[in-house]
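Here's the structure we're looking at; comments come further down.
Please treat every number below as a calculation from the coordinates, not as lab data. Computed from a predicted model, the values in this text were never measured in an experiment. For neighbour counting, all protein chains shown are included, and Cβ atoms are generated from backbone atoms with ideal geometry for every residue, glycine included.
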Amino acid sequence: MATWASEGIILKRNNWGETDKTLTIFTRQRGKVRVLAKGVRRVHSRRAPNIELFNHSKLFFHESKETNILSEADTVTSFNNLKSDLNKISYAYRIAEVIDHFFPEATDSAGLFELILDCLETMDASGDSISIRLTSTAAELKLLAHAGFRPQLFVCSKCSRALIEQTHLLSPEHGGLIDRGCNGEMTLSKPVSVEAIKLLRFLMDSPWEEVVKLRVSESVSKEVDQALSFYLEYILEEKLRSTNFINKVESL
Ligand SMILES: [Zn+2]
């Protein structure tokens, strides 16, 4: 049996059999992988604390024809601030869900591992709910770009004319913003305000340290979050399960 090692971030965990779990992990070496972690639900499992959800860990695998089996795990970063804050957890779920939907196993992972790690580190260190929401939106925009769905936010996605400073429509069907003149009756779109358009443009290309320094209103941060969820759900052709969770946590 071949063995391999990689840093990885735990994105999803499911119980398997009596004492095992299957894990979805985003690894630095091989992108997303599904692995079997045997015996980790036993009370005294040595590996269990190192494969908690969202952990960044150093991982060792046995590889057979059918599956990868986790043999060892050591935590690099456990993101304890994130794990003790329901609001942060709900947005980390969103990021994990988007990654799981967009990127197949063994995809080219160049740059993606760092993106996910930077996003979790930023969320872990974030102090307020607006920063956490903006970090999530920035990550979603960057993930869309990685997956080949970078939204066009600077010119009309349909007629390519420059967008004047006013409310425009976000149209996943056309791949970004469209002006009102180009909005046919059949187009599924969502209006986005001038302030929200500027915020989306900023979040798409700014480094994390600038994202967390932003001071914007609660309402515009929610507007970009909702616009992007709408955009993602159209492309993924399904509802994001994390949205309900985020809404529930925010209503507490
Ligand atoms: Zn147009």
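Normalising the average separation of contacting C-alpha pairs (under 8 angstrom, six or more residues apart) by the number of residues puts the relative contact order of region 2-77 at 32 percent. For Lys38, the aspartates and glutamates whose Cα comes closer than 20 Å to its Cα, not counting residues fewer than 8 places off in the same chain, are Glu7, Glu18, Asp20, Glu52, Glu63, Glu66, Glu72, Asp74. For region 1-159, averaging the sequence separation of C-alpha pairs within contact (under 8 Å, six or more residues apart) and dividing by the residue count gives a relative contact order of 21 percent.
When the GluC sites (Glu not before Pro) in region 1-65 are filtered for DSSP coil states and for at most 11 other beta-carbon atoms within 10 Å of their beta-carbon, the remaining sites are Glu18. Estimated from helical segments only, the mean residue ellipticity of the chain at 222 nm is -12500 deg cm²/dmol, where each DSSP H run of four or more residues counts as -39500 (n - 2.57).
Hey, what D do you get for region 144-241 in µm²/s if you plug the Kirkwood alpha-carbon radius into Stokes-Einstein at 10 °C and 1.306 mPa s?
Numbers: Rh = 13.9 Å.
Taking Rh from Cα pairs, D becomes 114 µm²/s.
For a 30 Å ceiling on Cα separation, which of these pairs sit above it: Lys58/Lys83; Lys58/Lys198; Lys83/Lys142?
Values: Lys58/Lys83 19 Å; Lys58/Lys198 39 Å; Lys83/Lys142 23 Å.
With Cα atoms farther than 30 Å apart: Lys58/Lys198.
The packing ranking of peptides 228-235, 92-99, 214-221, highest mean first, is 92-99, 228-235, 214-221, where packing means the average number of other beta carbon atoms within 10 angstrom of each residue. A crude spin-label estimate for the pair Thr75 and Glu18, with each label 7 Å from Cα along the Cβ direction, gives 2.8 nm.
Taking only C-alpha pairs under 8 Å that are 6+ residues apart, what is the relative contact order of region 81-250 in percent?
Working: 209 pairs, mean separation 46.4, N = 170.
In percent, rounded to a whole number, it is 27.
Springs join every pair of Cα atoms under 10 Å in this Gaussian network model of the chain, and among Glu121, Glu105, Glu238 the largest mean-square fluctuation is at Glu238.
Taking the C-alpha atoms only, the angle from helix 112-125 to the longest principal axis of the chain is near 80 degrees. Residues Arg42, Arg13, Arg133, ranked from the fewest to the most other C-beta atoms within 10 Å, line up as Arg42, Arg13, Arg133.
Can you tell me the alpha carbon radius of gyration of the chain divided by the globular rule-of-thumb value 2.2 N^0.38 Å? Intermediate values should be presented prior to the final figure.
On the way: Rg = 19.6 Å, N = 252, 2.2 N^0.38 = 18.0 Å.
For the chain, the normalised Cα radius of gyration is 1.09.
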